[in-house]
Every structure is written in structure tokens, then in C-alpha cells.
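A.B. asks: Handing you this structure, nothing more for now.
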Amino acid sequence: MVFWKRTLPVAITFMLGITFMLQYYVPHPASEALLREVSVWNQIIAGFAVILGVASLLQSHAQKIKRKAPGWGYSVVMYASMCSMLGFGIWSEGKGEGTAFGWLYTYTLVPLQATMFSLLAFFVASAAYRAFRARSPQATVLLLAAVLVMWGRVPLGEYLLPGIGQVSDWIMNIPNTAAQRGILIGISLGAIATSIKIICGIERAHLGGGQE
Amino acid sequence: MHDLARRLLGLDRRWIFLVIAFGTVLPLLYPLGLPIRVSPEVRKIYDYIERLPPGGVLVLSFDFEPAGKPELFPMAVALLHHAFQNNLKIVGVTLWPAGTGLAESILSQVAQEHGKVRGIDYTFLGYAPGEANAVISMGQDLSAAFPADHYGTKITDLPILQGIRSLRDVHYVISLSVGFPGIDTWYVYGKEKYGFELGGGCTAVSAPRFYPLLNTGQINGLIGGLRGAAEYEVLLAREGKAIAGMDAQSTTHFLIIVLLALCNFFSVFTRQTGRTRYR
């Protein structure tokens, strides 16, 4: 059992991990053909992962409805929405133009999602009023940078104070880039370290934490 | 006064929502029409498209779903107008499943305005699952990633894709991204290996993340948020939804600045008067 659940997946991961790490540096036609083949496999696996995700979501909400867990009404709404979209989608063979599926997409999903995102302005304003205070020197610097960028990124700001746009651009191009680059390097090093751990079988969380 | 300041600090958030709502709606009804300065990062994308030869292939990746519509829709429309004006061939794709319908409708609407023919001047390949794998797959062999376009035509039969076997053969790729997968995916798994030029468009909230890529030339330009889209409309001299929305964004930014000033003033005031009281 351990062989199938642990040893074999770790061996496959090691073999493929090393192969494709080296493949990047080998532009030979055979190596490129291998990548072409495997990238198609990966796309097929990703397609199945979507199905698995949908099934898992439906299963978890079905449990909520069954147990009448707090907020189970939302699960019913989710079920109804997903099943109707899925049903109409299959019925109209995925075509959007002139179908019920297209109508549902254009007149429910698009405005609902756009509204959710647009609400961000209201919540940002409210949260800023409650929490964005100059309590420490660091918080003061952050607050000043935020005000300058907000001021300089809109036409009214540049109209009232010519030149503020360049100040805003400087903040974005120099201090922001320096901070973002630091974060990016940190993330990249972390990703490399994790990848090596997974390839070498040191990190096995992705195999599941069940009993052996 | 101390109590009033304390009460104002705990102001019901619905009042703030109301202020922001007025700040958004009023400028939409009564536009200010303030001039918009074009930033270098937006101009770079515009200039690059200007330099592309007529008939050049532009891959426009609509990496967003309807949540990103308020900012990325005007951006996509402006870019498509520019590309069609310059007689470029457009290949639309998306890495976001929920973005498929939106992307297709934007592309076909703008194409129709310019009298472009599907399959010859433009096509929409649709959604490819697998995020990074989809990009790698397109880089290796476009017909393996998309055997047929969104409308069911085999891509080997499409006149627009004659001579285009993979991403190595396209002139320019622009990813309009609301998150991941998006610009990063196209850069890390696409541009780096297949050597095409890459530009990006994103929501304002995610724009700061892409400045390191911009400064190193990993992307050759960046259209950030509604402001970026408005700048592009200014360059095209074609007023669209982005320019119309900039006045609302101006007032909203200023209202947030005023709210920040007030809350900090009240906060400092209550701290100081509190100390005096207990002295």
C-alpha cells in the first residue's frame, strides 16, 4: 500500500521533475516534442481537475443542506445557480449567442460579478476611515505615500496640483518597485526551495496526510 | 468636542457609503472633463502597436472574468480599436473560464464596428484549461492547445492563422489580467521561452505588482486600471467608458483623502484631549 500511495508518486515526481528541469535547457527537437506532448496531457488533466473541483463543491454544499448548517440557504442558491447554468450550458452546447445560457451569462453573471468588484470602492473608503491612522512612523510613511499616489493618479489631483502626477509616478517606479522586487525575489526563492523539496520527496503534503 | 470627535470616529459606515455613492454618481451625471496626462508605460504599448506592420498578429489574452469588467473592458475595447485601425490581425484567447463569453462579445462587437471578417481578420480561440500549461502548449504548438476556435472551425483551416504555428510566430501578446493566471503566467511561461514581445493591462489594485517587470523590460508597457484605459483612449482620440469614468474616480479618490484626513485629525484630537482630561 505504501508503495502505491507514497513510493510510486514520489518516484514519478522525481523523474518528471528532473526531466523537465533539464528539458528547459535542451532545445533538441526530441526534447521539444516531449514538452509538446506533456503540455497537452497537462491540459487534459487540468480539464479533469475542473470537473473534480465542481463535484467537490457540490458535494460539500449538499452536506451543508442535508445538515441544515448555518447559512444552508446560500448553499441552495449556489446549487440552483450552478445547476441552471450547467444545464443551460449543456443544452445550448456551450454557445452564448442567442441562447438561454448566453442570456444568463450576460444578464446575471456579468452584472453580479461587476457589482461585487465595484463595491470595493465603498469598502475601501469605509476601511480606510476606520483603520488607516498615523499611529507610528511606518504607518505615517504608508499613509503619506497612499495619499500622494491617490492624489497624483487622477486628473483632478493633477489639475489642482500640477506635478503631483510625477511624484506619484516616482513612488510607483522607485520605492514601490524596490519593495515589490524584494517580495518577488522572496517568493521565487521560496518556490524554488519548495519545488526542490517536492521533487526530492522531502515535502509530501500534496500526497495527502492519510494513514499509510 | 472630545465626545463629538469620538462619535465621528465611530461614524456609521452607511454614511461613508452614501458619500462615496454621491461622489461616484454626480460626476457621471455632470462630467468635469479634466485633461488626462498620458504616462510613459501606456504610451509604450501604443507606440509598439503603431510600429507593428499591417497584417501583424496580435494575441490579446482576455485574462479576466466579469468582475474585472469595469476596468478591463474599456481597456480591451481601446486596444482592439487601435489594432483594427492599424489592420492588425487579432487572435483572442482567455485563461479564465468565466471570461469566455465576455471576451468573445467584446472582440466580435469591436470587429463588427470596423467591418472585420471572422477567421480572416480576427478569431477567438476561447478558453484553454491548465493556466501555465495552456501558455506552454500554445508556445509549442497552437493547434495542439486549440484544435478548433471558439466557433468550432479547425484552426488549421483559419486563413488568419496561416503561417502561425505557435507563439514564436506572433508579433505581440497583450494580457489583460485581473489576477493569476495573467501577465505573470504569460511572462514566466511564455515570453521567457518563446521570445515574443509582451505588454500588460491590469486592474489598478494589482498594477504596483507589475512595475518590477516593467522596469526590467520583461513587459514593454503597462496599462493600469481605469486610468490607464483612459490614457489609451486619449492617445486614440476616441472617448469611451474609461474617460467618462475618470471624473468619478477623481472625486472618489478625493473623498477618500478627505476621510483619511478627518479620521487622523479626530484620532490625534481625541488622544490629546484624552490625555489632558486624565492629567
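The values are calculated or read from the model by the stated rules, or taken from the named source; none is laboratory data. Just so it is clear, the structure is predicted and the values come from calculations on it, not from any experiment. Cβ: placed from backbone, ideal geometry, glycine included. Neighbour counts: every protein chain shown. Surface accessibility is based on the protein's heavy atoms, side chains included, excluding ligands, DNA and RNA. Shrake-Rupley method; radii C 1.70, N 1.55, O 1.52, S 1.80 Å.
A.B. asks: Cβ under 15 Å from residue A:95's Cβ, residue A:95 left aside: what net charge do those residues give with Lys, Arg +1 and Asp, Glu -1?
C.D. replies: Here the count lands on -3.
A.B. asks: Compute the separation of the alpha-carbon centres of segment A:144-181 and segment B:1-75 and state it in Å as a whole number.
C.D. replies: What the calculation gives is 15 Å, centre to centre.
A.B. asks: In debye to the nearest 20, how big a dipole does segment B:196-279 give about its Cα centre with +1 on each Lys and Arg Cβ and -1 on each Asp and Glu Cβ?
C.D. replies: 840
A.B. asks: Could you state the accessible area per residue of chain A in Å², with a 1.4 Å probe and every protein chain left in place?
C.D. replies: 66
A.B. asks: Under a point spin-label approximation (7 Å from Cα along Cα-to-Cβ), what is the residue B:271-residue A:19 distance to one decimal in nm?
C.D. replies: Output for this residue pair reads 6.1 nm.
A.B. asks: Using only the Cα atoms of segment B:203-279, what are the Rg and Dmax in Å?
C.D. replies: For segment B:203-279, the Cα radius of gyration and maximum Cα-Cα distance read 20.0, 64 Å.
A.B. asks: Next up: Taking chain B as the reference, fit the longest principal axis to its C-alpha atoms, fit the long axis of helix B:13-29 to the helix C-alpha atoms, and give the angle between the two in degrees, 0 to 90, nearest 10.
C.D. replies: The answer is roughly 50 degrees.
A.B. asks: Tell me the carbon and sulfur percent of the accessible area for the protein assembly as shown, rounded to whole percent, probe radius 1.4 Å.
C.D. replies: Ligands and nucleic acids excluded, carbon and sulfur reach 66 percent.
A.B. asks: What net charge do the residues around residue B:35 carry, taking every other residue with its C-beta under 15 Å from that of residue B:35, with Lys and Arg at +1 and Asp and Glu at -1?
C.D. replies: Spelling it out: positives minus negatives among the neighbours equals -2.
A.B. asks: Dividing the Cα radius of gyration by the Kirkwood radius, what Rg/Rh value follows for segment A:132-212?
C.D. replies: Here the Rg-to-Rh quotient is 1.31.
A.B. asks: Where the Cα atoms of chain B are projected onto their three principal axes, how long is each span, largest first, in whole Å?
C.D. replies: Extents along the principal axes, in whole Å: 83, 37, 32.
A.B. asks: Let me ask you something else. Under the Kirkwood approximation for Rh and a Cα-based Rg, what ratio Rg/Rh is obtained for segment B:153-248?
C.D. replies: With Rh from the inverse mean 1/r over Cα pairs, Rg/Rh is 1.05.
A.B. asks: To the nearest 20 Debye, how big is the dipole of the protein assembly as shown about its Cα centre, given +1 on the beta carbon of each Lys and Arg and -1 on that of each Asp and Glu?
C.D. replies: Here the size comes out at about 2180 debye.
A.B. asks: Taking the full set of protein chains and a 1.4 angstrom probe, give the accessible area of residue B:15 in square angstrom, rounded to the nearest 10.
C.D. replies: Probe radius 1.4 Å; accessible area of residue B:15 about 150 Å².
A.B. asks: Would you mind giving the three semi-axes, in whole Å and largest first, of the ellipsoid equivalent to the protein assembly as shown according to its Cα gyration tensor?
C.D. replies: One finds semi-axes of 40, 30, 25 Å for the protein assembly as shown.
A.B. asks: So for segment B:40-239, taking the charge dipole from beta-carbon charges (+1 Lys/Arg, -1 Asp/Glu), which of B:135, B:67, B:180 sits furthest toward the positive end?
C.D. replies: The listed residue farthest towards the positive side: B:135.
A.B. asks: Sticking with this one: What's the angle, to the nearest 10 degrees (0 to 90), between helix B:40-51's Cα axis and the longest principal axis of chain B?
C.D. replies: 20
A.B. asks: Take every Cα pair under 8 Å in chain A that's 6+ residues apart, average their separations, divide by the length, and report that relative contact order as a whole percent.
C.D. replies: 23
A.B. asks: Right, another one. Using a 1.4 angstrom probe on the protein heavy atoms only, line up B:149, B:12 by accessible area, largest first.
C.D. replies: Result of the area sort, largest leading: B:12, B:149.
A.B. asks: Got a sec? Charge dipole of the protein assembly as shown, +1 on Cβ for Lys and Arg, -1 for Asp and Glu; which of A:63, B:235, A:108 is way out at the positive end?
C.D. replies: My answer, from the dipole projection, is A:63.
A.B. asks: So which of B:89/B:241; A:95/B:69; A:95/B:44; A:66/A:95; B:69/B:89; A:95/B:154 end up more than 27 Å apart by C-alpha?
C.D. replies: Exceeds cut-off: A:95/B:44; A:66/A:95.
A.B. asks: Largest first, please: the extent of the C-alpha atoms of segment A:87-165 along each principal axis, to the nearest Å.
C.D. replies: 60, 30, 16
A.B. asks: Tell me the label-point distance for the pair residue A:179, residue A:138, using the 7 Å Cα-to-Cβ offset, in nm and rounded to one decimal.
C.D. replies: 1.1
A.B. asks: Helix B:100-113 versus the longest principal axis of chain B: what is the Cα-based angle in degrees, 0 to 90, to the nearest 10?
C.D. replies: The angle comes out near 70 degrees.
A.B. asks: Another question about this same structure. At what distance in angstrom do the alpha carbon centres of segment A:27-63 and segment B:154-198 lie from each other?
C.D. replies: 20
A.B. asks: Just to confirm my numbers, what's the Cα centroid distance between segment A:2-17 and segment B:104-139 in Å?
C.D. replies: Each part reduced to its Cα centre gives a spacing of 39 Å.
A.B. asks: For every other residue with a beta carbon closer than 13 angstrom to the beta carbon of residue A:58, add +1 if it is Lys or Arg and -1 if Asp or Glu, then tell me the sum.
C.D. replies: Charge balance in the 13 Å sphere: +2.
A.B. asks: Shifting gears a bit: Treating only the Cβ of Lys, Arg, Asp and Glu as charged (+1, +1, -1, -1), what charge dipole size does segment B:40-239 show about its Cα centre? Round to the nearest 20 debye.
C.D. replies: 220
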